[in-house]
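Q: The structure is given below, and queries will be raised subsequently.
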Amino acid sequence: MRLYDNLIKWLAGFFCALYRVELVGKENIPEDTEKNQLPGFMLCSNHIANLDPVVIVAAIRIKINWMAKESLFKIPGLAQLVRALGAFPVNRASGDVGAIKRAVAQLKDHKSVGIFPQGHRKPGVDPRATEIRYGAGMIAYRSGCDVLPIAIETKSRKLKLFSKTVIIVGKRIPFEELSLTEGNTESYKRASELIFDRICTL
């Protein structure tokens, strides 16, 4: 946690200035679950750029362990940064069971996990017009966690240097509201769609 806290201390202001970050919904930001031994939650957001996790964490300033595509861990500099920010790799092409198990284990261990229901970056596109994956519903079902919806909003739906980036934090979605009474694909689909609809509504 000390390394993470130092990164936040030194880098958050820099990235917020670089991308002119405006935070909306500050009152909806939960406490740091890992630091205070509270139940973990899953942060879900739309996805427009590789640096989305960095910009979101710079805005909300709490510990989030991100599921990130494995190719990011091969980029010098960025790999070290995302690892330091608590990210772990996921193979999106193969339905990475190991990554899902790791996310569930972290949520049960008072840690909070960040994922992008769209799976891939969708810059310049209305998020409502994109397909989503159902891993969010599966992870919520297996962990019993609440969900924190966050929307990234820019004028061009792209992350650009010195262009205004709005991070909108929605109200926490209680696990019970996801209606995950059965562990099957249809339930995961409904829950994931509910989560993403909440993101798009922000």
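Q: Using 1/(1 + (r/R0)^6) with R0 = 35 angstrom and r between the beta carbons of VAL166 and LYS108, what's the FRET efficiency to the nearest 0.05?
A: For VAL166 and LYS108, the calculated efficiency is 0.60.
Q: With an 8 Å cut-off on Cα pairs and a minimum separation of 6 or more residues, tell me the relative contact order of region 44-95 in percent.
A: Relative CO of region 44-95 lands at 36 percent.
Q: Rounded to the nearest 20 debye, what is the charge dipole size of region 1-86 about its Cα centre when +1 sits on each Lys and Arg Cβ and -1 on each Asp and Glu Cβ?
A: 260 debye
Q: Considering only Cα-Cα distances, which of the following residue pairs are longer than 22 Å: LYS9/LYS111; LYS26/LYS69; LYS122/LYS164; LYS69/LYS155; LYS26/LYS171? Walk me through the numbers before you get to the answer.
A: Numbers: LYS9/LYS111 20 Å; LYS26/LYS69 28 Å; LYS122/LYS164 18 Å; LYS69/LYS155 26 Å; LYS26/LYS171 10 Å.
From the list (LYS9/LYS111; LYS26/LYS69; LYS122/LYS164; LYS69/LYS155; LYS26/LYS171), the Cα-Cα distance tops 22 Å for LYS26/LYS69; LYS69/LYS155.
Q: Counting only complete DSSP H runs, which helices of the chain cover 20 Å or more along their long axis at the Cα atoms and score a mean Kyte-Doolittle of -1.0 or above? List each step's numbers first, then the result.
A: Details: long enough: 2-18 (24 Å, 0.79); 185-201 (24 Å, -0.46).
Correct list, ordered by number: 2-18, 185-201.
Q: When the dipole is taken about the Cα centre of the chain, and only Lys, Arg (+1) and Asp, Glu (-1) are charged at their Cβ, what size is it in debye, to the nearest 20? Don't skip to the end; give the middle numbers.
A: Details: 30 positive and 20 negative charges, 144 e Å.
It works out to roughly 700 debye.
Q: Go ahead and run the numbers for FRET between PHE14 and GLU193, Cβ-Cβ distance against an R0 of 35 Å, rounding to 0.05.
A: That gives a FRET efficiency of 0.45.
Q: Considering only THR154, THR181, MET138, whose Cα is most displaced toward the positive end of the charge dipole of region 128-197, charges sitting on Cβ of Lys, Arg (+1) and Asp, Glu (-1)?
A: In region 128-197, that residue is THR154.
Q: Here's something else I'd like to know. Amide H neighbours of LEU148 under 5 Å, counting only residues 5+ apart in sequence or on other chains, H built in-plane at 1.01 Å?
A: Residues meeting the amide H criterion: MET42, LEU43, CYS44, ILE173.
Q: Across region 36-43, in residue order, what do the Karplus-derived ³J(HN,Hα) couplings come to in whole Hz, using 6.51 cos²θ - 1.76 cosθ + 1.60 with θ = phi - 60° and x for Gly and Pro?
A: Each residue of region 36-43 in turn: 10, 6, 9, x, x, 10, 9, 8 Hz.
Q: While we're looking at this one, here's another question. Taking +1 at the Cβ of each Lys and Arg and -1 at the Cβ of each Asp and Glu, which of GLY170, PHE88, ILE75 sits farthest along the dipole of the chain towards its positive end, judged by Cα position relative to the Cα centre?
A: Farthest towards the positive pole: ILE75.
Q: Still on this model: Of the accessible area of region 1-148, with the probe set at 1.4 angstrom, what percent is carbon plus sulfur?
A: Accessible surface attributable to carbon and sulfur in region 1-148 totals 52 percent.
Q: Of all beta bridges DSSP finds with both residues in region 59-187, what is the antiparallel percent, to the nearest 5?
A: Given both bridge residues lie in region 59-187, the antiparallel proportion sits at roughly 55 percent.
Q: Could you tell me which residue out of LEU38, PHE15, CYS200 lies farthest along the dipole of the chain toward its positive end? Charges go on the beta carbon: Lys and Arg +1, Asp and Glu -1, centred on the Cα centre.
A: So the residue we want is PHE15.
Q: Under unit Cβ charges (Lys, Arg +1; Asp, Glu -1), what dipole magnitude, rounded to 20 debye, does region 64-170 have relative to its Cα centre?
A: Working: 18 positive and 7 negative charges, 60 e Å.
About 280 debye.
Q: Please list, ordered by chain and number, the residues whose modelled amide H lies under 5 Å from the amide H of ASN65; skip anything fewer than 5 residues away on the same chain.
A: The list, which skips near neighbours in sequence, is SER112, VAL113, GLY114.
The values are calculated or read from the model by the stated rules, or taken from the named source; none is laboratory data. Since we're looking at a predicted model, the values are computed, not measured. When we count neighbours, we look across all protein chains shown, and the Cβ atoms used for this are built from the backbone with ideal geometry, even at glycine. Note: areas computed on protein heavy atoms with side chains; ligands, DNA, RNA excluded. Shrake-Rupley method; radii C 1.70, N 1.55, O 1.52, S 1.80 Å.
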